[in-house]
Structures are given as C-alpha cells and as structure tokens.
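The values are calculated or read from the model by the stated rules, or taken from the named source; none is laboratory data. Just so we're clear, the structure is a prediction, and the values are computed from it rather than from any experiment. Quick reminder, even Gly has a Cβ in these numbers, built from the backbone with ideal geometry, and neighbours come from all protein chains shown. SASA here: full protein model, heavy atoms, side chains in, ligands and nucleic acids out. Shrake-Rupley method; radii C 1.70, N 1.55, O 1.52, S 1.80 Å.
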Amino acid sequence: MTDTSKQLAFIGIGKMGLPMSQLVAKAGFDVTAFDQSTARLDEARDHGIAVAGSPREAVNGRPWVITSLPDDAALRAVMLGPTGLIGAMAPRAVLIETSTVSAEASAEVDAAAQARGIAYLRAPVSGNASIVHTGALSCFVSGPKDAFESAKPLFASFTRAQTYLGPSEEARYAKLAVNLMIAVSAAMMAESLALARKGGIGWQDILKVLDESAVASPMVKYKTAPLRTRDFVSSFSCKQMAKDLDLILGAGHAVGVPLQLAATVRETYGALVAQGDGETDFIATVKHLERLSGLDEPKL
C-alpha cells in the first residue's frame, strides 16, 4: 500500500473504539479519529492518535473508514442524511462498521453506501473491552467480497479471526445469534449457581465443579474467573445486554423465529436495570437469582 492508501478515519473511540484505533495505528495506518466526547478525543491525543474537528473532516478523502457506534440511533445519525458520513466519503472508499445493530438499520446504511459507490462491510466484533487491546477480538463480516479481500490486512490489525459470511446482512444476524447464546448462558449459570448454593455447596466448590464439568465452555470459564472474587465490574453491562436482546427479539419477529428463551432473559435484564444494576457486568444475573432465592453474599 502507498501512504495515501493507508489513510483511515476511525469514528467512535469509546471502550472498544479507542484500543481498536490504537492497534490499527500500530499496524502502520495513518489514523484520524473523531468522537462526540471531548474527553475521549483528549484521551486519543494522549495515545498519539490524530483527531478531527468533525466526522466529515475525519473521513474527508480517506479510503478507509471504521466506525464503532453504540446503537441503531447513533448509526443512522452518524451515517445518513445531508450531514452524514456517507455523503462525505470518497467514492470507492471502504466503510467498516463494527457495532451490534439491527439488520434493518444496517440495510439503510447499505442503500446509501451503494448510491455513493462506497463498499460497506458489516463487521461486528465479538469480544469485550478487557481484551480489545490484545488484538484477541474476532469479527463476522458481510458485504462486497472484493472489499473484504482488500481489507484483510486492516482486519488483521485489530482482530485475530475474521469469518466472511455473505454479501448482505449475514454478519448482523451472526452477531445477534452469538449474543443470544451469551445472554441465555448468563441466565443459565445464575440459576445453576443459586440451586447449588441452596443445596449446601460452597461458592468456590460449585465454581470448580462447573469448570471441570462437561459444560465448561469458554463462556463459562470466562465468567467463573471473576465470579470467584465476586467481581461484577462491567466488561459488557446489563444495560447493553438488554439493548442487544431487544435487537435479537426484533430480528426474530422479522424473520419468523420464536425466541422464547430470549424473551424471558430480556425480562431478567430489564429487572436488573430497574434495580439499579444497569451498569454492572451482565453476569449480575447471579446476584439477581440470589436475591430471588433469599441467598446472602457467599463467603469467599
């Protein structure tokens, strides 16, 4: 690549976006970032990332744009309309969108991108803020196959694995499908742990049982580690999981798949948010079930 072809705009530099942008810069791309938060822009500057005064200034003439946005509303606001990013991007540029959003909102972005001759890659990342800086994220990608092929060196800079799934919104459904299993797993673990404790099993003992059993998936082991010390600091919050479950249920309704477990677990997360645990890690399902079961904090 020439220097010009390595110019990249990174829009949205929060918990996920900032470390991702740092990895991209470390790989030799010339990164210019933008975020609505001046504090985040200051943090980016402190990490040696150039910042722009507006999203349009950030993307101006650059052949690569990566976005990391919180939800459908932000996606539409940033991308679409007369002041949106797509209208400011250079034709034939590649737009890589890494968020968890609905297929419907994503399809609106695709229509606008196609009208401008922009290649739009849906590339939601899988992982969390605690591992982003290590490059251990994976991603699911859909969109134009030739754009995916050309973007492989860029994807390799901030993810360890990329799975290409098709030309349209397939990656959006993949991310929702994975997050559905994560949400249900967290609810399942909470019920199992509460049942074991009510049966007289010590906290550390039941965590050891889960770790050494047939159900010891990467997801289970990922959460038994912080549970040993009752660490509920958020890597992905209850509020975020409730949002994703709304997207999951909407997708199920749209394509005619009954998601009964997802509906039940959505109400669990709704209860956690209502009880003031919205910013707590999504494994706070454990605390929720303990409250419902009359269990006190276990002795560590």
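Anything in region 132-150 that is out of contact with any strand residue (DSSP E or B) (no Cβ under 6 Å at 6 or more places or on another chain) and closer than 21 Å to VAL101 by Cβ? List them, or say none. It would help to see each step written out before you state the result.
In the first step, residues of region 132-150 are kept if they are out of contact with any strand residue (DSSP E or B) (no Cβ under 6 Å at 6 or more places or on another chain); the result is 132-136, 145-146, 149-150.
Answer for region 132-150, where residues must be out of contact with any strand residue (DSSP E or B) (no Cβ under 6 Å at 6 or more places or on another chain) and closer than 21 Å to VAL101 by Cβ: just VAL132.
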The lone exception for LYS223 - which of (1) open to solvent by less than 20 Å² (accessible area, probe 1.4 Å); (2) among the basic types (Lys, Arg); (3) over 19 Å from the mean Cα position of the chain (by Cα) it fails = (3)
Which residues, counting only those in region 231-258, are more than 19 Å from GLY270 (Cβ to Cβ) and either modelled with pLDDT of 95 or more or open to solvent by less than 20 Å² (accessible area, probe 1.4 Å) (or both)?
-> ASP231, VAL233, ALA254, VAL255, GLY256, VAL257, PRO258
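Across region 122-139, which residue is nearest to ASP71 (Cα to Cα) among those that are touching a residue at least 60 places away in the same chain (Cβ under 8 Å) and open to solvent by 50 Å² or more (accessible area, probe 1.4 Å)?
SER130
Taking the condition over 21 Å from GLY127 (Cβ atoms), in a loop (DSSP other than H, G, I, E, B) and open to solvent by less than 80 Å² (accessible area, probe 1.4 Å), does VAL215 pass? If you could, list the steps in order and put the result at the bottom.
Details: over 21 Å from GLY127 (Cβ atoms): yes; in a loop (DSSP other than H, G, I, E, B): yes; open to solvent by less than 80 Å² (accessible area, probe 1.4 Å): no.
No; evaluated as a whole, the condition is false for this residue.
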Kindly indicate whether any position in region 215-227 is among the hydroxyl-bearing types (Ser, Thr, Tyr), over 27 Å from ALA136 (Cβ atoms) and out of contact with any Asp or Glu (no Cβ under 9 Å at 6 or more places or on another chain).
-> no
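Condition check ((1) without any contact (Cβ under 8 Å) to a residue 40 or more places away in the chain; (2) of a type in the set (A, V, I, L, M, F, W, C); (3) open to solvent by less than 20 Å² (accessible area, probe 1.4 Å); (4) part of a helix (DSSP H, G or I)) across all residues:
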position	(1), (2), (3), (4)
VAL141	yes, yes, yes, no
ALA147	no, yes, yes, yes
ALA151	no, yes, yes, yes
GLN162	yes, no, no, no
TYR173	no, no, no, yes
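Going residue by residue through region 231-249, is there one that turns out to be among the small types (Gly, Ala, Ser), farther than 28 Å from ASP205 by Cβ and either outside any helix (DSSP H, G or I) or in contact (Cβ under 8 Å) with a residue 60 or more places away in the chain (or both)? Let's see the steps before the verdict.
Step one: of region 231-249, the residues among the small types (Gly, Ala, Ser) are 234-235, 237, 242.
Imposing the further condition that a residue be farther than 28 Å from ASP205 by Cβ reduces the set to 237, 242.
Going one step further and asking which of them are either outside any helix (DSSP H, G or I) or in contact (Cβ under 8 Å) with a residue 60 or more places away in the chain (or both), we end up with 237.
Scanning region 231-249 turns up at least one residue that is among the small types (Gly, Ala, Ser), farther than 28 Å from ASP205 by Cβ and either outside any helix (DSSP H, G or I) or in contact (Cβ under 8 Å) with a residue 60 or more places away in the chain (or both).
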Within region 114-121, identify whether any single residue is within 15 Å of the chain's Cα centre (by Cα) and either closer than 19 Å to PRO70 by Cα or open to solvent by less than 60 Å² (accessible area, probe 1.4 Å) (or both), and answer yes or no.
-> no
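Name the one entry in ASP244, ASP211 that is under 19 Å from the mean Cα position of the chain (by Cα) and not hydrophobic (A, V, I, L, M, F, W, C). Give the steps one after another, and end with the answer.
Numbers: ASP211 fails: under 19 Å from the mean Cα position of the chain (by Cα).
When all the criteria are applied, what remains is ASP244.
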Only one residue in ALA183, ALA194, ALA190 is under 19 Å from the mean Cα position of the chain (by Cα), within 19 Å of LEU292 (Cα to Cα), touching a residue at least 60 places away in the same chain (Cβ under 8 Å) and in a helix (DSSP H, G or I), so which one is that?
-> ALA183
When residues of region 33-70 are filtered for being assigned to a helix (DSSP H, G or I) and under 13 Å from ALA88 (Cβ atoms), how many remain?
-> 5
